[in-house]
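Notes follow the structure.
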Amino acid sequence: MLEPPDTIIKTYRVPNAPSAEVTVLHDDLLHPVLGGNKLRKLDALIPALLGSGVTDVVTCGGLQSAHTAAVAAACAEQGLRAHLLVRGERPQIPTGYHLLSLMYGQVTYVPRSEYALRETMLQQHAARIAAEAPPDAKVSVMEEGAASPLACLGLIRLAAHLAEMWATDDTEAIIIVDSGTGTTAIGLALGAALLGLPWKIVGVMLAGQAEYYTQQQRALTDACSTEFWHEMMGKVAELPLEWVERLRPRSFGKVLPGEIASCRQVARTTGLLLDPIYSLAAWEVAVQRAEALSATGKSSRARICMLHCGGMHGLHGLAQRFPSDF
Ligand SMILES: *Cc1c(COP(=O)(O)O)cnc(C)c1O
């Protein structure tokens, strides 16, 4: 139902290593708000909600959450009401993803102490919304980041789509994905495993340690096996998926000195728009791998790719936090 258009694929030369190149899978260009991995994650989720008669969706996120904005936009397009629980207080000037969330959805600000108990918060607000809604309403809760087996289906469809586009060549692909909950990287790796593709997915860990991501991988793989493919358990036991740190690790959401300038430099010299919290992390790993590959002289045998998951509206929120860096 959200049938995504074809991904635009562009190749970028690495500025300081002329023979190295990075292939960018431009999912960020698919939609102005849903663009990036959110559209992929909602590809099967929204039709499933519609199919089960849901009228109202409750989800949550931080102030500049791309997830809440995307869910609200997708719900609005399909005639569903989106109720967004946003951590913290209303800012003086809403911008970026928060502004978009306010345009497409119904926002409730939740104090940090209450937000810390996420499950309880979601259930309590869902009960309140159900009580206030018309009698024929059906309320459904969506986890933060939409980390669910249904979300993986959209990523598996992306894998099939890429496989079709690359059908005539059997070059190995290494696809680098900046990861929050890890759902995007895991879904893509599930697709590669199920379709038997010669790919490796590299998830850049941004929101937790390796244990968190291996736990997410196990939970999502098990849930997908149970829900969709009992007989494929063996095939997906070993995913072609590697978890790596970003080049300069830090706690999630932090921006280190010089990173906004790095994004600006990449934008000006290549035309590629990155943000320092998410996509810069994938770009840096991709550049490092492309340089290493070109140094071995084997660059024709593998394709270094970056899945551009979007995130550019986050720049507006960062400009409010760090005005003098822009
Ligand atoms: C939401 C988002 C992510 C995180 O995706 P996960 O599936 O939770 O790993 C990564 N990058 C960008 C730009 C995003 O908007």
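Within the stretch 158-189, restricting attention to residues that are small (Gly, Ala, Ser) and more than 11 Å from the ligand (Cβ to nearest atom), the residue that is nearest to Val202 (Cα to Cα) is Ala189.
Here the strands (runs of 3 or more DSSP E) wholly within the stretch 1-94 that include at least 3 residues being outside the structural domain of Gly203 (by TED's automatic domain parsing) and open to solvent by less than 20 Å² (accessible area, probe 1.4 Å) are 56-61, 81-87.
The single residue among Gly317, Gly310, Gly258 that is open to solvent by less than 80 Å² (accessible area, probe 1.4 Å), within 16 Å of the ligand (Cβ to nearest atom), among the small types (Gly, Ala, Ser) and over 25 Å from Ile174 (Cβ atoms) turns out to be Gly317.
Applying the condition of being closer than 18 Å to Glu245 by Cβ and without any contact (Cβ under 8 Å) to a residue 60 or more places away in the chain to the stretch 281-301 and asking which residue is nearest to the ligand (Cβ to nearest atom) yields Glu284.
Could you list, in sequence order, all residues of the stretch 145-198 that are in a strand (DSSP E or B) and over 26 Å from Asp275 (Cα atoms)? Result: Glu172, single match.
Condition (residue is under 16 Å from Ser148 (Cβ atoms), of a type in the set (D, E, K, R), open to solvent by 30 Å² or more (accessible area, probe 1.4 Å) and away from the ligand (no atom under 16 Å from the Cβ)) applied to the stretch 199-222: is it met by at least one residue? Yes, the conditions are met somewhere in the stretch 199-222. Of everything in the stretch 107-159, what is charged (D, E, K, R), touching a residue at least 24 places away in the same chain (Cβ under 8 Å) and either open to solvent by less than 70 Å² (accessible area, probe 1.4 Å) or in contact with a His (Cβ under 8 Å, 6 or more places away or on another chain) (or both)? Give them in sequence order. Glu144 - this is the single residue of the stretch 107-159 that is charged (D, E, K, R), touching a residue at least 24 places away in the same chain (Cβ under 8 Å) and either open to solvent by less than 70 Å² (accessible area, probe 1.4 Å) or in contact with a His (Cβ under 8 Å, 6 or more places away or on another chain) (or both). Considering each residue of the stretch 236-243 in turn, at least one proves to be touching a Ser or Thr at 6+ places or on another chain (Cβ under 9 Å) and within 15 Å of the ligand (Cβ to nearest atom).
The values are calculated or read from the model by the stated rules, or taken from the named source; none is laboratory data. Quick caveat, the model's predicted, so the values are computed rather than measured. No Cβ is skipped: glycine too gets one built from the backbone with ideal geometry, and neighbour counts run over all protein chains shown. Side chains included, ligands, DNA and RNA excluded: accessible areas come from the protein's heavy atoms. Shrake-Rupley method; radii C 1.70, N 1.55, O 1.52, S 1.80 Å.
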